[in-house]
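Taking it in order: structure first as structure tokens, then the write-up.
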Amino acid sequence: MQLNKLVDINMHFQNSINLSLDLNNIEKINNYIPTDSGLIFLNYYLDTMLKPNSDRSTMMIAPYGKGKSHSILVLISLLSLTDFTSIQQLLNKIRGLDEDLYQKILKIEKKSIYASNHFKY
């Protein structure tokens with residue numbers, strides 16, 4: 001059997017994320033692969049957003065290709081979007097791996113909806 005019949009290449013996969021160019025790119029956000037370290041990252045930073053007196057000054061250090069930029073892109077999206085229906089694919093992946101993180105994301109969504117409804121300019 002030939003290898004190309006066993007292996008399917010995802011044509012959407014990229015070697016890198018450009019935060020300024022990929023911001024608000026729903027396809028990139030939904031294509032995020034939540035690794036163990038990515039889930040730890042998202043849990044940590046969403047905790048700092050949900051707890052009012054937590055330490056917010058941090059530094060992220062990881063090897064090249066670990067997913068730092070993609071994780072930051074997802075975090076920025078979670079904090080800036082007010083309607084999470086467009087990123088349901090991502091949320092389903094996260095829910096399947098970490099129910100606690102999924103619940104934190106729902107709390108962030110509720111806060112975003114509340115803020116957008118009450119602080120219009």
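The values are calculated or read from the model by the stated rules, or taken from the named source; none is laboratory data. Given the structure is predicted, the values throughout are model-derived calculations rather than measurements. Side chains included, ligands, DNA and RNA excluded: accessible areas come from the protein's heavy atoms. Shrake-Rupley method; radii C 1.70, N 1.55, O 1.52, S 1.80 Å.
Taking 20 Å as the limit for the C-alpha separation, the pairs K28/K68; K28/K66; K28/K93; K28/K111; K68/K110 exceed it in the case of K28/K111; K68/K110. Computed over the Cα atoms of region 54-100, the ratio of the radius of gyration to the Kirkwood radius (Rg/Rh) comes to 1.01. Its Cα gyration tensor gives region 23-69 an equivalent ellipsoid; the semi-axes, largest first and in whole Å, are 21, 15, 10. Just the protein heavy atoms count here, and of the accessible area of region 22-78 at 1.4 Å, carbon and sulfur take up 60 percent.
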